[in-house]
Every structure is written in structure tokens, then in C-alpha cells.
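Working notes, beginning with the structure itself.
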Amino acid sequence: MKRTVLRFLKLGLLGLLALLTLLAGLFGYFVYAPEPAPPQLSGTLRKASIEVAGLTRSYRVYTPKGLPKGAPLVLVMHGSGEGPQRIRMGTGYGFERLADAYGFAVAYPKAYASDWNDCSVIGDKKVDGARADDAGFLAAMVDKLVAEHGLDPARVFAAGVSNGGSMAMRLALEQPGRYRAVAAVVANVPAPQNFQCKPSAQSTSVMIMNGTLDPLVPYAGGEISLLGLFYKGGPIISSHASAQYFADWNHLSAAPQTSRMDVPGGFSVEQNRWRNEGRTEVELVTIHGGGHGLPQAYAQRPRLLGPSPMAPDGPAMIWDFFARQPR
């Protein structure tokens, strides 16, 4: 009897180990993504902080060697639960590579809570029951960096991925005079019942870059949720409706110009551009077959977040959009 019990215990232990091994393998397959190798860059990355509304807020800033006075500034905002280092790696250090090539500064701010206090009502935006003024923090950080480095206040741009993209939309809607253009990646406009922003009468240029097979932020609109189980971010409208929302806000009444091209890996890129002879434009970049992440050639995204195209060069497309905006 004793030997039988021991045998069953042994079999049970082996079964548990096998299950744990299987789960670890599945975790590694769907969640793990190798870190990209840091590039050789000319400049320096430093950590900094600023006091805003009684809170110490942190950020990192990259400045290329020999950055001239009057250079542009690009804010790059991380996704939910992440931080500056994660967004640097998740974008393949792409904005720093571009900063070296084209001469601009890059700032990576840190959200106060897990989520940025963006236009959506729903999200993990509180710490000890209080929401921070993230837009105010970013404005103060921009003013500080412009003064410290002699940057051009008329060429300040903001980009963000996922929840950071949602925050970029808030900056466009509520502070268009401060940001010459913004780019929101894998993010859509919240549905009316989930919308808390107060759009300004003034407007600015907006790019939206989304994948059609995003399992977290649905391209066609709906509820932000991963597999219907994790992270509830509230309802959103579709990517096309989001781009049209910003086109209407910018009073761009003409139909968009459309182009499409194939890229390596079996993906294709469709661009819809709303333009006129004024100072603003709206562009929707659709990555057909793409998942949740910024496409680029250096950093692979976890399989759990859908297909991970290594082209087009997302950071370069964003910078091209920023750089062509008239002063």
C-alpha cells in the first residue's frame, strides 16, 4: 500500500513538472521577445526629473553630439505598465538613430500611474486614488528642455505607442498650439461614452499607424482587451473613424489620397492622407496583417501581441511626417 501511494505521488510530481515545463514553454513562445542590441550612437542619454503639481516626475532625454540650437524635440511615450527603457527597446532605438541622422532631441517621459491619463475614461490611471496631470507634466518638461537645450518651441512633436499613442491624441486635441504634430501608434479614439477630452478650437497634424490584426486595440473598433481576459481599456471607434475624426477636426473636407505598397514578410502598407493647402494634415497608416506594435527592423514583439512585421520603418515614417510639417 505504501509503495502504491509513493508511486502515485511520484507520477503526480512528474505530471506537475511536465505541466510546468509546458506552461513555461508556452510563456516563452508567446510572451518572450529578445532585446534588441543597443546601437552605437553619437550622443548621450541622461535621466532627469521635474517637480509638477507637488509630484516628482521623471524622464530620459537623448541629445546627439553637436545638436544645434533651434533643433526639434520629439517626445516618445511608452505603453501601459511600461517606462522609458521599454519604449526605447520596443522601437528598436529607432528615434535615437534618427536623431543622430537628422539632428533633434528625444525625450522619453514616464507616466505617473500604469496608464497615461489620456482621453479615455477607463484605465489604470490612479495612484492612491488620485490622477496626475500628465498633460501638465509633459508641457512643463517640454518648456524645461526647450530652455536647457535651445530647442525650437515651434517644432515640438509627440509620438506614442499603445497607451502612449492614446496620450499623444490627447496632446493633439487639448494642446495643439504646443505640439506641431503627433503620431499615435496602435491607438484609436475612445468611443463617445469613454471620451473625456475637451478638444481645442485650434488643431494640429495627426498620424495614426495601426495593424489590422491587433489583438489588443481592435482595428475595426470595439473593446480594448487582450484575448477578452486581460486589460480592459474601454470601447474605442475604428481606425478609419479615428482618422476621419481628426480630419473633421482639422476641417479637411476633401477625400483622402490613398496609396498601397507591399513590404517584406507578406504584409502591405496602406496610406490615407487628408490634406489641403493649409498648415495641417491627417494620415492613417494601415499595416495590413500587422499586430500590436511599431513596425521596425530591430526589435521583435511578443507573439501574444499578434504578427510582428519588421517593415516598414515605423520611426522613419513618423519622422518624415513630422519633418514635412510647415513651420
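The values are calculated or read from the model by the stated rules, or taken from the named source; none is laboratory data. It should be emphasised that the depicted structure is a prediction, and the values quoted were computed from it without experimental measurement. Because the Cβ atoms are built from the backbone with ideal geometry, glycine has one as well, and the counts that use them run over all protein chains shown.
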Close pairs (6 angstrom Cβ cut-off, 6 or more residues apart or separate chains): under 19 Å from K47 (Cβ atoms) and assigned to a loop (DSSP other than H, G, I, E, B) in the stretch 107-120, modelled with pLDDT under 95 and of a type in the set (A, V, I, L, M, F, W, C) anywhere: Y112/A132
In the set A154, A168, A159, A172, the lone residue that is closer than 20 Å to W319 by Cα and in a loop (DSSP other than H, G, I, E, B) is A154
Being more than 26 Å from F104 (Cα to Cα), more than 15 Å from the chain's Cα centre (by Cα) and surrounded by 20 or more Cβ atoms within 10 Å (Cβ to Cβ) is true for just one of P302, P307. Which residue is that? P307
Residue set G123, G136; condition at positive phi and not in a strand (DSSP E or B); output residue G123
Quickly run through the stretch 310-324 and pick out the residues that are surrounded by 16 or more Cβ atoms within 10 Å (Cβ to Cβ) and in contact (Cβ under 8 Å) with a residue 60 or more places away in the chain. D313, G314, P315, A316, M317, I318, W319, F321, F322
What number of residues within the stretch 312-327 satisfy the criterion of being hydrophobic (A, V, I, L, M, F, W, C) and at pLDDT below 95? 0
Is there a residue being at pLDDT 95 or above, touching a Pro at 6+ places or on another chain (Cβ under 6 Å) and among the polar types (S, T, N, Q) anywhere in the stretch 206-225? no
If you go through D128, D134, the only one that is at pLDDT below 95 and of a type in the set (D, E) is D128
Which residues, counting only those in the stretch 230-266, are closer than 20 Å to A184 by Cα, modelled with pLDDT of 95 or more, crowded, with 16+ Cβ neighbours inside 10 Å and not polar (S, T, N, Q)? P235, I236, I237, H240, A243, Y245, F246, A247, W249, L252, P256
Contacts under 6 angstrom Cβ, first residue in the stretch 232-259 being under 21 Å from N163 (Cβ atoms), partner surrounded by fewer than 14 Cβ atoms within 10 Å (Cβ to Cβ) and among the hydrophobic types (A, V, I, L, M, F, W, C), 6 or more apart: S238/A220
Can you work out which of the residues in the stretch 213-228 that are surrounded by 15 or more Cβ atoms within 10 Å (Cβ to Cβ) and part of a strand (DSSP E or B) is nearest to the chain's Cα centre (by Cα)? I224
The number of residues in the stretch 200-212 that are surrounded by fewer than 17 Cβ atoms within 10 Å (Cβ to Cβ) and either in contact (Cβ under 8 Å) with a residue 12 or more places away in the chain or assigned to a helix (DSSP H, G or I) (or both) is 2
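Here's the yes/no breakdown for (1) crowded, with 22+ Cβ neighbours inside 10 Å; (2) modelled with pLDDT of 95 or more; (3) not aromatic (F, W, Y):
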| site | (1), (2), (3) |
| --- | --- |
| L67 | no, yes, yes |
| R88 | yes, yes, yes |
| A101 | no, yes, yes |
| V106 | yes, yes, yes |
| D118 | yes, yes, yes |
| G123 | yes, no, yes |
| K144 | no, yes, yes |
| M169 | yes, yes, yes |
What single numbered condition from (1) in contact with a strand residue (DSSP E or B) (Cβ under 8 Å, 6 or more places away or on another chain); (2) crowded, with 21+ Cβ neighbours inside 10 Å; (3) not small (G, A, S) fails to hold for Y93? (1)
Hey, can you tell me all the residues within the stretch 34-51 that are surrounded by 11 or more Cβ atoms within 10 Å (Cβ to Cβ) and under 16 Å from A99 (Cβ atoms)? P38, P39, L41, S42, G43, L45
